[in-house]
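Here's the structure we're looking at; comments come further down.
The values are calculated or read from the model by the stated rules, or taken from the named source; none is laboratory data. Just so you know, these numbers come straight off a predicted model, no measurement behind them. Note that each Cβ is placed from the backbone with ideal geometry, even for glycine, and that neighbours are counted across all protein chains shown. Please note that ligands, DNA and RNA were not included when accessible areas were found on the heavy atoms of the full protein model with its side chains. Shrake-Rupley method; radii C 1.70, N 1.55, O 1.52, S 1.80 Å.
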Amino acid sequence: VLNSGTGSSRTASKPGEFSELPLNRSEAVTVRKGFKDDLGQTVLPDASGGVVINMKELEPVRIDLSAPGTSIRPVSSLPVGSSFDSRTGVFHWKPVAGFIGQYRLVFVESGENGPVSRREVIININSK
């Protein structure tokens, strides 16, 4: 899924349709910020159940949301210029100038029998 900023979001659903699913509060994500090709850092959900990522304007980010035995897909609109690879569970974004503020992303994890949980990622972008 790629959001180029043209037309509507390419996600098939709206976040509210999955609000009854339990929030996955245990799975960590791996976050890589900047241009370093390192292993990234592991980020656990906070007390509210969401994964919070703080970053600077113009800083690229790669978030690996994959979890064993599940597939994952976005159900909220992705920010302009971002992409999500549903095959690997990886979200990529390099926010351009002016993308300052908070961005809330909602994903649904599915197992063999359909949707099992939702995951929330909050990206806070501060000015450079």
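Per-residue accessible area (protein heavy atoms, 1.4 Å probe) orders Leu58, Leu23, Leu78, Leu39 as Leu39, Leu58, Leu23, Leu78, starting from the largest.
Sequentially through segment 87-98, phi angles give Karplus couplings (6.51, -1.76, 1.60; θ = phi - 60°) of 5, 9, x, 10, 9, 10, 7, 10, x, 8, 3, x Hz, Gly and Pro residues having no value and appearing as x.
For the pair Glu112 and Thr30 in one chain, pulling the backbone fully straight at 0.36 nm per residue adds 27.1 nm over the alpha carbon distance.
Local charge for Ser127 was computed over the other residues whose Cβ lies under 13 Å away, with Lys and Arg +1 and Asp and Glu -1, and equals 0.
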